[in-house]
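In what follows, a structure is listed as structure tokens, so that the remarks can point back to it.
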Amino acid sequence: MKIGILSRNPNLYSTSRLVEAAKQRGHKPIVIDVLKCYVDIEAGKPMVFGKNDQPLNDYDAIIPRIGASITFYGTAIVRQFEMIGVYALNESLGISRSRDKLRAHQIFSRKNVGTPITGFAHSPKNTDALIKRVGGTPVVLKLLEGTQGKGVILAETKKAAESVIDAFRGLNAFFLIQEFIKEAGGSDIRCLVIGDKVVAAMQRTAPDGEFRSNLHRGGSAELVKLTPTERKTAIAAAKAMGLRVAGVDIVRSERGPLVLEVNSSPGLKGIEAATGKDIAGMIIDYIVANAKPNKKSRINKG
């Protein structure tokens, strides 16, 4: 199979591992810089072009590794590949849903997927009511646009929460206010979902003095055994977003597992190291089992 990996940097661990796994299985992986792609939108003849005006319609599958800062353009390119019949491991709609934290939590609510109590408002007059709704301080404040723990703040007191909210509003930034799960103890669990299975999981723990457990922020990771309910919750969250491959972050609470976030381009380095599993290989195997040869794109090319 000819597999395009949409990534801005071929040297990133996750990208290089996907290339390696595809080659080991006899496929032809090519890293495509999504920002160097452009599209030709014509009735009945959609086209995608890459570097040096090279047509990209003859791929059998693509693996989107779209960074948060280029979500709009990246998903537009993924949509164009979908239009020409190329199998997208994660489709544009699922990526867009997962990147919009507010929309994601609204979908989780509709699908009855457990999350920390979450509030959203525009008027400063609603601040007191929101803090009460999520159980009072401490509360977690999250910018709607942010990854790897950036734009996530723990406000220990009501006064601190009001100060942060005022600062966010002063920047015209939209944010969520969320219940703080104290019993989680600064730990969460990253579940790697492929299709209908959780294929790997690791527990991430925040360093001293920090409540965010992201590995990019100095958190540590170790192998963890999931309960059946945790597996079911992670799979349900990925399906709610419409993602075939996802990193689902959950916390253990007194009322069961709660979903914090779903990542459409989960990093492979930490979870492969913690579990010793060939996640990249599993992703390639899933594509081979589920993607059909792109006959439509080859007809268009001719």
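The values are calculated or read from the model by the stated rules, or taken from the named source; none is laboratory data. Just so it is clear, the structure is predicted and the values come from calculations on it, not from any experiment. Don't worry about glycine lacking a Cβ; one is built from the backbone with ideal geometry, like all the others, and counts go over all protein chains shown.
Worth a mention:
- When VAL39, VAL19 are checked against the criterion of being out of contact with any His (no Cβ under 9 Å at 6 or more places or on another chain), modelled with pLDDT of 95 or more and either outside any strand (DSSP E or B) or not hydroxyl-bearing (Ser, Thr, Tyr) (or both), a single residue qualifies: VAL19.
- All positions within region 246-265 that are modelled with pLDDT of 95 or more and out of contact with any Asp or Glu (no Cβ under 9 Å at 6 or more places or on another chain): ALA246, SER264, SER265
- Looking across region 42-60, the residues that are assigned to a strand (DSSP E or B) and of a type in the set (A, V, I, L, M) come down to MET47, VAL48.
- Scanning region 100-118 for residues that are touching an Asp or Glu at 6+ places or on another chain (Cβ under 8 Å), more than 15 Å from ILE235 (Cα to Cα) and surrounded by 18 or more Cβ atoms within 10 Å (Cβ to Cβ) turns up LYS101, PRO116, THR118.
- Being among the charged types (D, E, K, R), in contact with a helix residue (DSSP H, G or I) (Cβ under 9 Å, 6 or more places away or on another chain) and assigned to a helix (DSSP H, G or I) holds for only one residue in GLU272, GLU261, and it is GLU272.
- Selected residue [touching a residue at least 60 places away in the same chain (Cβ under 8 Å) and in a strand (DSSP E or B)] from ILE63, ILE107, ILE30, ILE77: ILE63
- Condition met for SER265 (of a type outside the set (Lys, Arg) and either within 19 Å of the chain's Cα centre (by Cα) or buried (at least 21 other Cβ atoms within 10 Å of the Cβ) (or both)): yes
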